[in-house]
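Report on one structure; see the data block that follows.
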Amino acid sequence: MKVRYRAAAGIAVLALAVAACGGGGGETNQPNAEQSQQAQQAMSQTPAISINPIPYEQVKEGGTLTLAIGQWPSQWNPAHVDGNQADTADMLDPILPQLLMADENATFTPNPDYVTDVKNETVDGKQVVTYTLNDKAQWSDGTPITWKDLEAAWKAANGSNDKYKPASTDGWKQIESVEQGDSEKVAVITFSQPYPEWEGLFNRGTFHLVPAKHIDTPEKFDNDYLQKIPVTAGPFKVEKIDEGTKTLTLARDENWWGRKPKLDKIIFRGIESPEAQVNAFANGELDAVEIPSGSPAELKRAKEVPNSDIRKALSPDWRHFTVNNQSEFLKDKTVRQAVAYAINRDAIAQSSLKDMDWPVQTLGNHVFMNNHKGYVDNSGDLGKYNPEKAKQLLDQAGWKLDGQVRKKDGKELSLRFVIPTGTPVSQSESELAQAMLQEVGIKVNIQAVPLDKFFNDYIIKGDFDVTPFAWIGTPLPIGSLAQIYKTGSDSNFPKASDPAVDAAIDAAVAETDPAKAIELANAADKLIWDMVHTIPLYQRPNIQATKKTLANWGARGYKYLDYTEVGFTG
């Protein structure tokens, strides 16, 4: 099975006071065993979904749903590395195909609007998946959706042509061929090696399906969806993209062949800060708003809005620090490990999650969330705050303390902590890290860059030393190991490379026995911790403030939303 992680820089959060980081956090910020057990129990009691489920027939006809997004995209191609953002995926859900849909239990079933049958078989010793597409399924320009669209997605993302820039080759590179079956509506996909997470292909787990004619060359792949959405195929279509106001307006598609959507329109508005988003919600300008970690004041305000509903659920989303393995001062793994030891993850989690009505618990795994059956805390010593160990490693690496800052060969050990504007939680977390690293002699310069340039101009290009953001997961986490951590992946933002990690990832991804796959994924995770690719912080809250009358929308957890049933009850 396949999963895709999406970078969520647009998740803006309210900054907290940083006084808690005095002394780097100290022993007082280390949770004891009882506190950890209480947090784990609270995590287990948090629901998997909270969307106010209402039968389709009981949802009111008509209305406009207005939502906020934090980061406005320039690249709308969901398969492109520059289009790999959670906000973009959310806006594409109502207008582009997803062949299989996940429910709150991470179980996949065919989406009947696009697929009438799916078979996963072994033929001549090879895994073969056959999709029978809905005869009525067509693109908004009137052309039918066929096997060629699936073939084009595979060719663009399988890594065979380095002129393409896919967010990930995971799953796609395991495919040997995509061929026509009995008709143009039948796609036969043959894998060169078993790929257990195949269900995550051709949906938001990897990327939504787009027409072959718009991605069948690298030039089209780069340009056809740049600041535009040329073709759709969903219950809604694009009415207007307003670059000036950063607003996407969707309207019902009169040529939609599936169940009629309840809503007349959906509007996505680009609003960067959580404070501004909650203000808009309180003023009745938005029907729902996300309350991110580190936003207790915004959570409190949202609760006070008349006729509002706070919906919370577990999700596979997590905050972290990405550590550039190729930057001048961090190429040495010893220095990266010193940085890990110097970071008090418990203090940061407490700062960001305090008063959020959410369990305060650090995350000890790069693959599985705290509530996943495969979760094991693999952080070991590196996950523990140990400034003395950090100092020892820095001395060992030749970085000697000279006044307040360590130096080597006449150079200061100075790191650029790149953060996006409009995301106060990044500011808060970077200031905490700055104080912690300063205690071991590492100078940190915090560089705030424009939110809409954060990923494309800085993170994807590797123009940072350390950076905080969130990975947005989907129901199938093992398949994404290669996307984020394997040598050469465009989404391996720190450009980390370790043959042992690569081999461990390959073993986990190819394993067909679920229990063994989890075991192998955890083995890979231990190696990822050791190379300090990413420092996990905590599993993010999935908290949505909505109007009470909003139906079938909210904190969705693993579930993929069906926008035909989203609407209002009054």
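The values are calculated or read from the model by the stated rules, or taken from the named source; none is laboratory data. Everything quoted here is computed from the prediction, not taken from an experiment. Cβ: placed from backbone, ideal geometry, glycine included. Neighbour counts: every protein chain shown.
Quick look at the values:
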| read-out | value |
| --- | --- |
| Boolean, Leu413 is crowded, with 17+ Cβ neighbours inside 10 Å and under 23 Å from Tyr538 (Cα atoms) | no |
| Filter result for Ala470 (surrounded by 23 or more Cβ atoms within 10 Å (Cβ to Cβ), among the small types (Gly, Ala, Ser), under 21 Å from Ser293 (Cβ atoms) and in the same structural domain as Gln427 (by TED's automatic domain parsing)) | yes |
| Condition broken by Val231, with the remaining ones in (1) at pLDDT below 95; (2) touching a Phe, Trp or Tyr at 6+ places or on another chain (Cβ under 8 Å) satisfied | (1) |
| Some residue of region 460-468 being in contact with a Leu (Cβ under 7 Å, 6 or more places away or on another chain) and either at pLDDT 95 or above or over 29 Å from Gly83 (Cα atoms) (or both) | yes |
| Pairs where the first residue, in region 234-246, is assigned by TED's automatic domain parsing to the domain that holds Lys136 and free of Cβ contacts under 8 Å to residues at least 12 places away in the same chain and the second is surrounded by 11 or more Cβ atoms within 10 Å (Cβ to Cβ) and not hydrophobic (A, V, I, L, M, F, W, C), C-beta under 9 Å, 6+ apart | none |
| Top-ranked residue in region 371-406 [being assigned to a strand (DSSP E or B) and touching a Leu at 6+ places or on another chain (Cβ under 7 Å); ranked as surrounded by the fewest Cβ atoms within 10 Å (Cβ to Cβ)] | Val405 |
| Residues located in region 295-314, provided they are over 20 Å from Ile348 (Cβ atoms) and out of contact with any Gly (no Cβ under 6 Å at 6 or more places or on another chain) | Lys300, Arg301, Ala302, Lys303, Glu304, Val305, Pro306, Asn307, Ser308, Asp309, Ile310, Lys312 |
| Cβ-Cβ under 9 Å pairs, at least 6 apart or on other chains, region 450-472 side under 18 Å from Leu537 (Cβ atoms) and touching a residue at least 12 places away in the same chain (Cβ under 8 Å), far side assigned to a helix (DSSP H, G or I) and aromatic (Phe, Trp, Tyr) | Phe464/Tyr458; Thr467/Phe454; Thr467/Tyr458; Phe469/Phe454; Phe469/Phe455 |
| Top-ranked residue of region 34-85 - restricted to ones that are among the β-branched types (Val, Ile, Thr) and in a loop (DSSP other than H, G, I, E, B), ranked as modelled with the lowest pLDDT | Thr46 |
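Results for (1) in contact with a helix residue (DSSP H, G or I) (Cβ under 7 Å, 6 or more places away or on another chain); (2) closer than 20 Å to Asn325 by Cα, shown as yes or no for each residue.
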position: Leu382; (1), (2): yes, yes
position: Glu388; (1), (2): no, no
position: Gln396; (1), (2): yes, yes
position: Leu401; (1), (2): no, no
position: Gly410; (1), (2): no, no
position: Val418; (1), (2): yes, yes
position: Phe455; (1), (2): no, yes
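Here is a yes/no grid of residues against (1) in contact (Cβ under 8 Å) with a residue 60 or more places away in the chain; (2) more than 21 Å from Gly364 (Cβ to Cβ); (3) buried (at least 18 other Cβ atoms within 10 Å of the Cβ); (4) touching a Pro at 6+ places or on another chain (Cβ under 8 Å):
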position	(1), (2), (3), (4)
Lys495	yes, yes, no, no
Asp506	no, yes, no, no
Thr512	yes, yes, no, yes
Ala515	no, no, no, no
Glu519	no, no, no, no
Ala523	no, no, no, no
Asp530	yes, no, yes, no
His533	yes, no, yes, yes
